[in-house]
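Below: the structure, in structure tokens.
Any read-out appearing in this document is the output of simple, stated calculations on the displayed coordinates, not a laboratory observation. Keep in mind that this is a model prediction, so the values were computed, not measured. As a convention, Cβ positions derive from the backbone with ideal geometry for all residues, glycine included, and neighbour counts pool all protein chains shown.
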């Protein structure tokens, strides 16, 4: 009976199960899926989807933008050359450029190598899994490569040091820090801004010798960049009827398809890519490219301004970098203004405090030299070298508080007189046995163990409200 | 927790102050029990953020100490991540159907289960009309760290009492838990201010999700954006913002 049910319900072969479990088999399509305990992003409810589509039909966006408006773009650079942060609304992306001397490719011996890498980490969104090459990650990587490498925006021949042997490999790593939609645009802005900001070490070739100068010896030189390709994303809804520029995350989840146009400010298209399988008319694509050229020129100007600001800040010697670009008047910023401190009566206050405070623990100056050639470090209770006390007194009286010295002297005197016991017959060897502290020397015990006692006394004062 | 009258005095002193984790109210040996007072010890009720540890009351979360006479004390703290608690009403999104139950996402670490029969008037033959992707307003029947959370859409006597599936035409937004509690408080300022603006329908879930519907798309968007932005504002700033919106009323 149960076996019959099994044959009818299952379409995919499954591992054989014990009989009593088969009775509970549900007649749903396919085998039951195991619960995967990864972080999943919140599912989009039907009412949200309907609302967003309805709002788009009325030409309203969730955050009040117009159809062709970009969110607020903020570009800031780090202290290293080649580090760039881009904020596109709430979407946050960081690009870092680095370089290395490597052997060139066989087919192109006198050209440098460009390497692009986009990292999607769970930091940006719970939907991204660490380590796994998801579809989105592959797509973004391909798009960025086509946008920057195939457009030949960087002069790779200038990256050659010794033809056929040593060329520069420029590596651009883009990290997503927060995903609120439109990662592609943010990544392309960050990548090209970081490349423009980057400085590579200076190299001198003299015959067979290649010298790479460090940044301290010679100023590093910028890369030679021909043009700045920037990608602009268009999202389509209702089978291409409605179009939005720069979709945010919720709009992206509802869209039918995406068109990405990468262009530079000279109105040259570097790459066009359409995903989602929507049918686009020729007029739509032409309109999009016109919108893209307007947006690209605005964004290029923004990048140039940011680069110029950073350059002037560095030249003027002012503080530059990520920390300076953080807004200070926000509730989440932890910066306190410099507060002026009144220092007029500091000396009187200080002496008053010293008088009221407890006596400091008597620490022996370390190392103590009782006799030339002998050193004693730490709070020694007893001197086991068998030297005379008078010499110790002479050494002590130089430079330290009289209080401390007298206490130490009491220590030494009492200890050496009571604790030295000879147990061997031999006169040449003097064996000294250290006895534990005697209770009548209570105050000395306290003074030498004052360090350990301090925390417990502090505890007591705290508990009194 | 049984204490003497002395503890209450100290706690009441601190009401309204900001406390941080690690602050203790330590009593016991230092307090002398007065023989003239009544022998019945008073019990303080520790709410969220406070925990009893031996004869001490320890603060677990950072926030403001609140008091509700006669005996209840708790810490009013702020966070965004929701932890399922029994008896709280939340807005969940139905993600899948598994046999006789729905798998519902409420923003916690795992999905909760909601049985078909936990709706008003539902029987084995009369299934509720709930699809995948719908919003449900439900309360927790089981919610602890050892078991899978379970939701129900009926109260103890079998009536819906406002719970169930809903959602057509509105917008779902995510806010912090503090704002949600302020919205649900008995004499809530934010609710009063919202009432002055324009008529709207609100469903507030304790998991930080709020569903808004007003008479037009534009008004719904306005209310949604207002709620999201007035989270960290003081009362004056918020009233200023609401007044500005009212004057430029669209």
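For residue A:134 and residue A:314, what does the FRET efficiency come to when R0 = 60 Å and r is the distance between their Cβ atoms, rounded to the nearest 0.05?
After rounding, the FRET efficiency stands at 0.95.
In whole Å, what are the Cα extents of segment B:89-165 along the three principal axes, biggest one first?
31, 25, 18
Run the quick spin-label model on residue B:246 and residue A:49: label points 7 Å from Cα toward the beta carbon, then report their separation in nm to one decimal.
Each label point is offset 7 Å from its Cα along the Cβ direction, giving 3.9 nm.
For B:160-172, what's the mean count of beta carbons from other chains sitting within 10 Å of each residue's beta carbon?
On the way: counts 0, 0, 0, 0, 0, 0, 1, 6, 4, 4, 4, 9, 7.
Partner-chain Cβ atoms within 10 Å, mean over residues of B:160-172: 3.
Just to be sure I follow: if Rg is taken over the C-alpha atoms of segment B:171-246 and Rh is the Kirkwood radius over the same atoms, what is Rg/Rh?
Value, to two decimals: 0.91.
Under 10 Å, Cα contacts only: if you run a Gaussian network model on chain B, which one of B:194, B:177, B:227 comes out with the highest mean-square fluctuation?
B:194
Once both labels are modelled 7 Å past Cα along the beta-carbon direction, what's the residue B:225-residue A:58 spacing in nm?
1.3
Cα centroids of segment A:61-120 and segment A:127-175: how far apart, whole angstrom?
10
Calculate the length of the line joining the C-alpha centroid of segment B:148-209 to that of segment B:103-124, in whole Å.
18
With an 8 Å cut-off on Cα pairs and a minimum separation of 6 or more residues, tell me the relative contact order of segment B:89-165 in percent.
30 percent.
Within segment A:191-206, what residues put their amide N at less than 18 Å from the label point 7 Å along the Cα-to-Cβ vector of residue A:304?
The answer is A:192-198.
Given points 7 Å out from each Cα along the Cα-Cβ axis, report the residue A:345 to residue A:210 separation in nanometres with one decimal.
7.1
Take the alpha carbon atoms of segment B:56-73, find their center, do the same for segment A:197-254, and report the distance between the two centers in whole angstrom.
54
Quick one: B:116, B:82, fewest Cβ neighbours within 10 Å first, how do they rank?
Result, fewest neighbours first: B:116, B:82.
If you scale each eigenvalue of the Cα gyration tensor by 5 and take the root, what three semi-axes come out for chain B, rounded to whole angstrom and sorted largest first?
Ellipsoid half-lengths, sorted descending, are 38, 27, 15 Å.
Counting other beta carbons within 10 Å of each residue's own, what order do A:123, A:281, B:221 fall into, fewest first? Write out the running numbers ahead of the final one.
Values: A:123 15, A:281 9, B:221 22.
With the fewest neighbours first, A:123, A:281, B:221 line up as A:281, A:123, B:221.
Can you sort A:227, A:197 from fewest to most other Cβ atoms within 10 Å of each residue's own Cβ?
A:227, A:197
Which whole-number percent is the relative contact order of chain B (Cα, under 8 Å, 6+ apart)? All intermediate terms of the calculation are to be shown ahead of the outcome.
Values: 440 pairs, mean separation 34.3, N = 250.
Contact order relative to length: 14 percent.
Sorted from largest down, give the three principal axis spans of the alpha carbons of segment A:56-325, whole angstrom values.
Dimensions of segment A:56-325 along the principal axes of its Cα atoms: 68, 45, 39 Å.
Report, in deg cm²/dmol and to the nearest 500, the calculated mean residue ellipticity at 222 nm for chain B, where each DSSP H run with n ≥ 4 adds -39500 (n - 2.57) and the sum is divided by the residue count.
Value at 222 nm, helices only, nearest 500: -6500 deg cm²/dmol.
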